[in-house]
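J.: Handing you this structure, nothing more for now.
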């Protein structure tokens, strides 16, 4: 006797009882395709910051409309670079950004920072000053505490290494000139670029910054070590003590 069997051509139903074949395609699918096509045809400059962030977030959280998430990230942190500079904990405070998405964003930030560092490692640092600034901004502009970094250069002004010498508080980092020179001699470094950040965002050198820098210059001179500059990094810019004629 026939009957009672399941119809072979019956469309599956989702868990809400709706026919999946009849379910509408989410509106953002076409938007994603158009963004990808515009990026491929016209490049990154044709996209706004939130659109670039959308393209990135598609890969991390693929089943939702990521435009609101991208806009919320930019609204919270203020800029694309600040989003990449935010901590994993800070990123997870934004709705829809879970642990995996936050970590993936930090991986992208690390790749960008490594790329910038590689760019100026491969040439004389003083011939690529903009690369130095870009790297220092990416590495330090969004740090929550002060850190004192040194770029150690050889006789041809190529980078030997880049080290964070000290970390301090939100408004102070202890720096010991003799330790700076000792490390330079260990690395056989002929010149240094000093860098530190101001978490307040204002890169204007303080009186303490100026005095500390001049002490390092005076300590380095008898050893034949040149201090090319002391760069102060803020969230929205940088200051060069050499350009300001402070050293």
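Bear in mind that the values in this text are calculations on the coordinates, not laboratory data. Computed from a predicted model, the values in this text were never measured in an experiment. A quick note on method: Cβ atoms are made from the backbone with ideal geometry, for glycine too, and the neighbour counts reach across all protein chains shown.
Yes/no matrix, rows are residues, columns are (1) in contact with a strand residue (DSSP E or B) (Cβ under 6 Å, 6 or more places away or on another chain); (2) within 24 Å of residue 237 (Cβ to Cβ):
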residue	(1), (2)
141	yes, yes
151	yes, yes
155	no, no
158	no, no
162	yes, yes
185	no, no
196	yes, yes
201	yes, yes
206	no, yes
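J.: What residue, among those in the range 171-207 that are assigned to a helix (DSSP H, G or I) and without any contact (Cβ under 8 Å) to a residue 12 or more places away in the chain, is farthest from residue 156 (Cα to Cα)?
T.: Filtering first and then ranking leaves 207.
J.: So which residues in the range 35-44 are within 16 Å of residue 56 (Cβ to Cβ) and part of a helix (DSSP H, G or I)?
T.: Answer for the range 35-44, where residues must be within 16 Å of residue 56 (Cβ to Cβ) and part of a helix (DSSP H, G or I): 35, 36, 38, 39, 40, 44.
J.: So how many residues does the range 138-168 have that are touching a residue at least 24 places away in the same chain (Cβ under 8 Å) and either farther than 10 Å from residue 196 by Cα or assigned to a loop (DSSP other than H, G, I, E, B) (or both)?
T.: Quick first cut of the range 138-168, residues touching a residue at least 24 places away in the same chain (Cβ under 8 Å) only: 138-162.
Of the ones still in play, those that are also either farther than 10 Å from residue 196 by Cα or assigned to a loop (DSSP other than H, G, I, E, B) (or both) are 138-139, 141-146, 151-162.
Number satisfying all stated conditions: 20.
J.: Restricting to the range 53-93, name every residue that is more than 19 Å from residue 144 (Cα to Cα) and in a loop (DSSP other than H, G, I, E, B).
T.: 61, 62, 63, 64, 65, 66
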